[in-house]
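Here's the structure, in structure tokens; my notes come after.
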């Protein structure tokens, strides 16, 4: 655990230094999106990686976060920082309400239910006048200010807000993984029956995981809305986002706190670069390449890239030990 | 005077029209090993599931320390102090032996340190210390069974229920489990054991309950059970029962 903490601090320090070394706008843009997606991946990892309940509907929580902060800012001039926290609370409440009926379902049925719930929430927002329905919300443009979380001259503040959020989230995930809750969630993932037999209230723990996951996702959503300054239901509640979260975590390493970061640092640059280079004609190429990678991972290393890294590290370690023995 | 800890009163369990348990009653006293035996399909595991909350019994009552626990959910029953293992071993595959047992240990504590302390104590007791960093999925069948018992023990139960924990083990391994059972009894636990291996069960049991076709056909100390006509008939069939042929 202590070792993990050191690694995490190093990773965050490197991420903090990167935008100061590479100063191009497009690089900064990639960094912001990468960190937002990595945060979403971490959130998804709690419910699916740890607790084993596959969710295909995380765009719902992401969207609720984005909409809460945007509506509050747009309608009532309330700072997005407040909106962010409220968004998190709303998303957590929605997660709580959804969890009760859906956790009676198991396996793929639960996955289908999450997919449906996300779609229902999207339709609600499309026909909801108060949030401008399908037209979407253009956030009011103000001068650069930390209070309103809007910066037009430089992207650096966005990067550091996103990094701050990601850092908190990854430390929270690390803490959860090594705590009683983490052990209980993993036990539920491995076997429902066993979990019950050793005194775990499976429904409560799954709901807790879902609520934490939704809370974090909503924070990422608010930040995303403040970054792009325009949201509508079709871009926020889209299946595309739900699936991207799943894919990048699976590629990076499901159930591992480093997984989402690794996955995001492959998928996001890939999709941004292809988008910039190929424009509209290249739509979907990033996901095609990514799909191929995921198939390879699923076939050869189900634990993702992090699994591969661990395997190689182990091999080196063994060889190292062998050498020591040979020398002595 | 022995103090009664678990009382099973007229449990009946039906699956549709199939009666798996019919009016089964017996009691377990504190610090006692009770065995539940019977031919395949006698309803032993069903009864186990009824006691531990995996099934809701059709009728009857389970009383634990003067508290009616019939129909409680499985995790509540575990928290009260009754923990079970499974006939088909269920180790947590992606977790190491130590993590498997720690998951059980977390029932009584929130702190990781305390859970680790309980775990190392139990690994010592069950001879698993050397294997603590092996993944649950890559263990041999004996070790899986041992991990399962260890994980159950880590919840600090008052009654431990073992479902065929010796099936598929060799002689020395069975001896180990027998010794473990006796050690646990000494430390103050009560055990309810479902088992097919008579040579393992007879020497350690204080009381034996025999089920056949869902009904209790006999109950008593091991020496009585081996001479009970009904039990011999249930196992060998009427035709091959030496005594009934003579008569």
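Read the figures in this text as sums done on the coordinates, not as results from a lab. Not measured: the values here are computed from a predicted model. Don't worry about glycine lacking a Cβ; one is built from the backbone with ideal geometry, like all the others, and counts go over all protein chains shown.
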Which numbered condition residue A:187 misses (of (1) buried (at least 24 other Cβ atoms within 10 Å of the Cβ); (2) part of a helix (DSSP H, G or I); (3) touching a residue at least 24 places away in the same chain (Cβ under 8 Å)): (3)
Residue list for region B:1-36, filter: without any contact (Cβ under 8 Å) to a residue 12 or more places away in the chain and assigned to a strand (DSSP E or B): B:15, B:18
Identity of the residue in region B:54-78, crowded, with 19+ Cβ neighbours inside 10 Å and under 19 Å from residue B:106 (Cβ atoms), that ends up farthest from the other protein chains (Cβ to nearest Cβ): B:77
Criterion violated by residue B:93 - all others in (1) over 18 Å from the mean Cα position of the chain (by Cα); (2) more than 11 Å from every other protein chain (Cβ to nearest Cβ); (3) in contact (Cβ under 8 Å) with a residue 12 or more places away in the chain satisfied: (2)
Complete set of residues in region B:132-146 that are outside any helix (DSSP H, G or I) and either touching a residue at least 24 places away in the same chain (Cβ under 8 Å) or within 16 Å of residue B:162 (Cβ to Cβ) (or both): B:132, B:133, B:134, B:135, B:139
Conditions (1) buried (at least 17 other Cβ atoms within 10 Å of the Cβ); (2) within 14 Å of chain A (Cβ to nearest Cβ); (3) in contact (Cβ under 8 Å) with a residue 40 or more places away in the chain: number failed by residue B:209: (2)
Qualifying position, being surrounded by 21 or more Cβ atoms within 10 Å (Cβ to Cβ) and at negative phi, among A:171, A:130, A:125, A:151: A:125
Unmet criterion (only one of (1) more than 14 Å from chain A (Cβ to nearest Cβ); (2) buried (at least 24 other Cβ atoms within 10 Å of the Cβ); (3) closer than 19 Å to residue B:37 by Cα) for residue B:169: (2)
Residue A:264 being more than 14 Å from chain B (Cβ to nearest Cβ), buried (at least 24 other Cβ atoms within 10 Å of the Cβ), part of a helix (DSSP H, G or I) and in contact with a strand residue (DSSP E or B) (Cβ under 7 Å, 6 or more places away or on another chain): no
Checklist (1) in contact with a strand residue (DSSP E or B) (Cβ under 9 Å, 6 or more places away or on another chain); (2) within 11 Å of chain A (Cβ to nearest Cβ); (3) surrounded by 23 or more Cβ atoms within 10 Å (Cβ to Cβ) applied to residue B:50, failing item: (2)
The lone exception for residue B:39 - which of (1) in contact (Cβ under 8 Å) with a residue 12 or more places away in the chain; (2) within 14 Å of chain A (Cβ to nearest Cβ); (3) within 30 Å of residue B:143 (Cα to Cα) it fails: (2)
